[in-house]
Structure formats: C-alpha cells, structure tokens
1. Based on what the data block shows, is residue 113 out of contact with any Pro (no Cβ under 6 Å at 6 or more places or on another chain), open to solvent by less than 40 Å² (accessible area, probe 1.4 Å) and not polar (S, T, N, Q)?
2. Out of the residues in segment 60-102 that are among the basic types (Lys, Arg) and modelled with pLDDT of 95 or more, which is surrounded by the fewest Cβ atoms within 10 Å (Cβ to Cβ)?
3. Based on this model, can you work out whether residue 119 counts as outside any helix (DSSP H, G or I), in contact with a Gly (Cβ under 9 Å, 6 or more places away or on another chain) and in contact (Cβ under 8 Å) with a residue 24 or more places away in the chain?
4. Take the residues in segment 84-111 that are more than 12 Å from the chain's Cα centre (by Cα) and polar (S, T, N, Q), then tell me which one is nearest to residue 49 (Cα to Cα).
5. Give me a count of the residues in segment 39-59 that are open to solvent by less than 80 Å² (accessible area, probe 1.4 Å) and either free of Cβ contacts under 8 Å to residues at least 40 places away in the same chain or outside any helix (DSSP H, G or I) (or both).
6. Return yes or no: is residue 134 in contact with a Lys or Arg (Cβ under 8 Å, 6 or more places away or on another chain) and free of Cβ contacts under 8 Å to residues at least 24 places away in the same chain?
Amino acid sequence: MQTVSAQQKIGYVNSETIIKELPEAKEAQAKLESIVKTWQEELERMSKSLQEKYEAYQKQQAMLNDATKQQKQKDLIEEEQKVNQYKQEKFGQQGELAMQREKVMTPIREKILKAIEKVAKDEKVSFMFDKAGDVLLLYAEASNDYTFKVLDRLKRGGK
C-alpha cells in the first residue's frame, strides 16, 4: 500500500495594511473624511445654537408667563430632536456615512479580494487568512505573509 502525503500551503495577509497603503483606498478615505468634516461642522453649529437658546431661556425663565414658558420649552425640545435626527441621518448605522462608505469601499474590497486570489494561485497557497479580521491567527511565520505581494499586484494594476 502506498501512502500519499499532501501538503497544503497556508498564507495570510493584513487587509488593514493593504487598505492603508493602497492609493485608491487612501483617496476614498480622504473623500469620506471630507464629507464627515462638513457634517460634523454642521452638527456642531446646530448643537451650539441649541445650547445658546437653552441658556437664553434659562436666563429669561423667571420672567416668562406659563404659556410662553411652555412654548419656549416646546421649541427647545423640537430643536433638540432636529439635532438628534440630523446626527442619526448622517452618522447612524443606516445613515449617509454608512451608505457612502459602503458605496466607495465595496469596489475596492472586491479588487483586493481578486488580487488576493491571484497571489494565492500564483504562490500555490491553499488557504489565505486575514490577520486583521476576526479570524484568530495566533502564530504566523513571516514567510507566509502575502500582504505586500497583494499590495504590489494592486499597485501595478494586477499585472
């Protein structure tokens, strides 16, 4: 009887490093940061305005009749709701930032996966792990790190 020994090559990449180093991912991140900065500034402006109105109300409160007090309180609550709604619309889990990030990053992730697949085939790697993800990688020999081969392939345009 003949015994066959099959060895499978295992490698890993660090997707965080790839995304940090890949020019188009850097551009996408800069674009997202620019959008976030604009939204953050608007949110700060709205919050400051609310704070100023609240402080003005506190100063005037003793001199106001009940009907005016109630109206001002109602106005403050409505404005606070607008601030919270804006924050949720822009930064919430289903907000514009999440949608923009998905829209911008999905094609980049797909390109990275294709490059990983190509490097894995070229290097005859059976299994490729991502050191940056939730996959627990307790030990990895540096010779099995294909991060920079994938980056090189991406930067050279997949050639």
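1. Details: out of contact with any Pro (no Cβ under 6 Å at 6 or more places or on another chain): yes; open to solvent by less than 40 Å² (accessible area, probe 1.4 Å): no; not polar (S, T, N, Q): yes.
Judged against the criteria, residue 113 is not a match.
2. Let us first name the residues in segment 60-102 that are among the basic types (Lys, Arg), namely 69, 72, 74, 82, 87, 90, 101.
Applying the additional criterion that residues be modelled with pLDDT of 95 or more yields 74, 82, 87, 90.
Working: 74: 10, 82: 12, 87: 16, 90: 19.
My answer is 74.
3. Working: outside any helix (DSSP H, G or I): no; in contact with a Gly (Cβ under 9 Å, 6 or more places away or on another chain): yes; in contact (Cβ under 8 Å) with a residue 24 or more places away in the chain: yes.
Against the criterion (outside any helix (DSSP H, G or I), in contact with a Gly (Cβ under 9 Å, 6 or more places away or on another chain) and in contact (Cβ under 8 Å) with a residue 24 or more places away in the chain), residue 119 does not qualify.
4. Across segment 84-111, the extreme among qualifying residues is 84.
5. If we filter segment 39-59 for residues that are open to solvent by less than 80 Å² (accessible area, probe 1.4 Å), which is where we start, we get 39-40, 42-43, 46-47, 49-50, 56-57.
Next, from what is left, pick out any that are either free of Cβ contacts under 8 Å to residues at least 40 places away in the same chain or outside any helix (DSSP H, G or I) (or both): 40, 47, 49-50, 56-57.
Matching residues across segment 39-59 total 6.
6. No: the conditions fail for residue 134.
The values are calculated or read from the model by the stated rules, or taken from the named source; none is laboratory data. Note that the structure is a prediction, hence the values are computed from the model and not measured. Cβ: placed from backbone, ideal geometry, glycine included. Neighbour counts: every protein chain shown. Accessible surface areas use protein heavy atoms only, side chains included; no ligands, DNA or RNA. Shrake-Rupley method; radii C 1.70, N 1.55, O 1.52, S 1.80 Å.
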